Amino acid sequence: MSPLPEQRWQIQPAQADLVRPIATELDLSPLLAQVLVNRGETSPDKARTFLEPDTWVLPDPLQEFPDLGKALDCLQQAIAEQRTIAICGDYDADGMTSTALLLRTFRHLGAQADYAIPSRLHEGYGINERMVVELAQAGVSVLLTVDNGIAARQPIAKAKALGLSVIVTDHHEPPPELPPADAILNPKLIHKDSPFRGLAGVGVAYLLACLLAERFGQRQRLAGELLELFTLGTIADLAPLTGVNRRWVRWGLKRLPQSKLAGVQALIEVLGQGRDSFKPEVVGFGLGPRINAIGRIGDPSVVIELLTTDFWPRAQELARLCEETNRDRQRLCSQIEQEAVAWLEQSQIDLALERVLVVVQEHWHHGVIGVVASRLKDRYGVPVFIGALSETEVRGSVRGIPEFDVFKALESCHDLFDKHGGHQAAGGFSMSPEKLPQLRARLRQFAHSCLQPEQLRPLLEIDACAQLSDLTLDLVTQLDRLQPCGIGNPDPVFWTPGLRVVEQRGVGTDGTHLKLTVQDGAGCRIQAIAWRWGAFCPLPEHLDLAYKLRTNHWQGRTSVELELLGARTAQP
């Protein structure tokens, strides 16, 4: 019998005194009411507001972002005077969708506008002095960063010295000393309770573009296409689906299947996705990776052209290139992951002792190591620092677990890096190879200061205990009111104790996945699927199971099915 997945279960306490009035007043399943309480919606009024984001009254963004008015004035004047605006973007999905969104806006408003993105291979993340000098020489008057710039003090000081106006739009953690820009728009600089606090880079760009279009009387004409690009970038960047993100992504997901943008239509076509309403996973696991793949191992201008062209044959050609590049990205990720796992097993590193995984190899492609870092973090339950090594540099990517603050960890080693940045859950860095031993030692020390051995297992957060008889199609319909689900508002996870595995078999290539039938003590049976659990077959007969709910459509019949996330030996 194979071992079960090694996990730590964190089960939210049942809170019947809060759940009962929400379920009664809103006519909800107690399970949905418990999920709402877990999300902090602890009264019927708060729960109703959460479930109906279209009714929210949002504060004036001009009051929330002190420099927003200055940024709009600068851009409006530049457009009126036909001075050239340069968008300085980034090569991830957030940065590329932000760039495309503003480029479409400026072109529609009659602006003289272009864009520049640094070389991932040779320059790394963010605006740099080479870009600033070349843009100034090309006659640029206004420099506008998207999804970067908050930490680029020297390049922006250079731009100001050359006479450029500079607007920074970013969402990364601000350094102690801000760059000398004319205007800075960053949700991390506004109050923590603001509904705009969770905006990604594309969210800040969307806000700026909508208000600029409004000044030209064009907001209604542009709003739809800008919302679609906002939705793509927000989900692909794993921004929290709370606050205004929840409201706007909800609208955007309704528009995407019927998008009028040629590039979005072409991406949906290569994905083979139907034109029914989308959930966030269609973007997160379908459209987003095909955009991100180009930024990781290709030329970002492909995505910018894809999302700004109105010529259908060209959009189809570029979407096919995204599809091919994503296949190459998947192959590279699998190869690097296998090599990292083999290295870890061969080196016999005691992760319980180290409490952080630092793995660096020469021939790895630095464009995809962030994806591999996420997979290793999920596999081993520890923070992961993964690096691609050249003769002169280590380019690294970081992914953390909930108890480990990546940004603070990087800051604790700031003197070892040439460049670094990020936020609580993820980050990146570059450094000289000879400093690697110091980095390992420092990170080990930092990890010991904040992590206990029992925290070094993948965390499974569970909302509530459910009986199989509770799991009806009506419940699934009710749970859909929580959408869009994602970071900050995850899909509900339930668990049921003491289930008996009646049937189990491997499915998919080489039995990669596991298909089960489980039964409770009352004789109620239900089907379950466990992705990538083939290695755990056969499972023990009696188990506690944790799962998400999904619907299965077969021969005209719809039924509820479990998507297994966790299993443990049945507890007494």
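The values are calculated or read from the model by the stated rules, or taken from the named source; none is laboratory data. Everything numeric here is computed off the predicted structure, so don't read it as measured data. Glycine gets a Cβ as well: all are built from the backbone with ideal geometry, and neighbour counts include every protein chain shown. Each accessible area value is taken on the protein alone, full model and side chains, heavy atoms only, with ligands, DNA and RNA left out. Shrake-Rupley method; radii C 1.70, N 1.55, O 1.52, S 1.80 Å.
When the GluC sites (Glu not before Pro) in the stretch 481-572 are filtered for DSSP coil states and for at most 13 other beta-carbon atoms within 10 Å of their beta-carbon, the remaining sites are Glu541. Each pair of Cα atoms in the stretch 1-136 enters the Kirkwood radius, and Stokes-Einstein at 4 °C and 1.567 mPa s then converts it into a translational diffusion coefficient of 64 µm²/s. What is the local net charge at Ile11, summed over the other residues whose Cβ is closer than 12 Å to its Cβ (Lys, Arg +1; Asp, Glu -1)? It works out to a net charge of -1.
Counting only Cβ charges, +1 for Lys and Arg and -1 for Asp and Glu, the dipole size of the chain around its Cα centre is about 440 debye. Once a ≥ b ≥ c are taken as the square roots of the eigenvalues of the Cα gyration tensor of the stretch 187-344, is the result rounded (a/c under 1.5), prolate (a/b larger than b/c) or oblate (a/b not larger than b/c)? Taking the square roots of the gyration eigenvalues as a ≥ b ≥ c, the stretch 187-344 is oblate. Sorting 217-223, 549-555 by average packing, meaning the other beta carbons within 10 Å per residue, from highest down gives 217-223, 549-555. How far, in degrees from 0 to 90, does helix 436-450 lean away from the longest principal axis of the Cα atoms of the chain, to the nearest 10? Taking the Cα atoms of the chain, the angle to 436-450 is about 60 degrees. Could you list the chymotrypsin sites (Phe, Trp or Tyr not before Pro) in the stretch 13-102 that lie in coil according to DSSP, counting only those with at most 10 other Cβ atoms within 10 Å of their Cβ? For chymotrypsin sites (Phe, Trp or Tyr not before Pro) across the stretch 13-102 that sit outside H, G, I, E and B with at most 10 neighbouring Cβ atoms in 10 Å, the list is empty. Solvent exposure of Phe407, expressed as accessible area, is near 50 Å², computed with a probe of 1.4 Å over the protein chains only. Ranked by the mean number of other Cβ atoms within 10 Å of their residues, highest first, the peptides 242-251, 108-117 come out as 242-251, 108-117. His122 exposes around 150 Å² of accessible area when a 1.4 Å probe is run over every protein chain in place. A dipole drawn for the chain from +1 and -1 charges on Cβ atoms has a positive end, and of Ser432, Leu565, Leu28 the residue lying farthest that way is Leu28.
Placing +1 at every Lys and Arg Cβ and -1 at every Asp and Glu Cβ, with all other atoms neutral, what dipole size does the stretch 439-572 have around its Cα centre, in debye to the nearest 20? Each step should come with its number before you reach the end.
On the way: 14 positive and 14 negative charges, 116 e Å.
Rounded to the nearest 20 debye, it is 560 debye.
Average projected area of the Cα convex hull of the stretch 424-505, in nm²?
Values: hull surface 41.9 nm².
Quarter of the Cα hull surface area: 10.5 nm².
Taking amide H as placed 1.01 Å from N in the peptide plane, His423 has its amide H under 5 Å from the amide H of Phe407, each at least 5 places away in sequence or on another chain. Among the listed options [x] 101, 82, 47; [y] 76, 56, 48; [z] 104, 62, 51, the one matching Cα extents along the principal axes in Å as calculated from these coordinates is [y]. Bridge orientation summary for the chain: considering DSSP beta bridges with both residues in this region, about 60 percent are antiparallel.
The C-alpha atoms of the chain define a longest principal axis, and helix 16-26 lies at about 70 degrees to it.
Estimated purely from DSSP H runs of n ≥ 4, each contributing -39500 (n - 2.57), the mean residue ellipticity at 222 nm for the chain is -12500 deg cm²/dmol once divided by its residues. Qualifying chymotrypsin sites (Phe, Trp or Tyr not before Pro) in the stretch 274-317, where qualification requires a DSSP coil assignment and no more than 16 other C-beta atoms within 10 Å, comprise Phe311.
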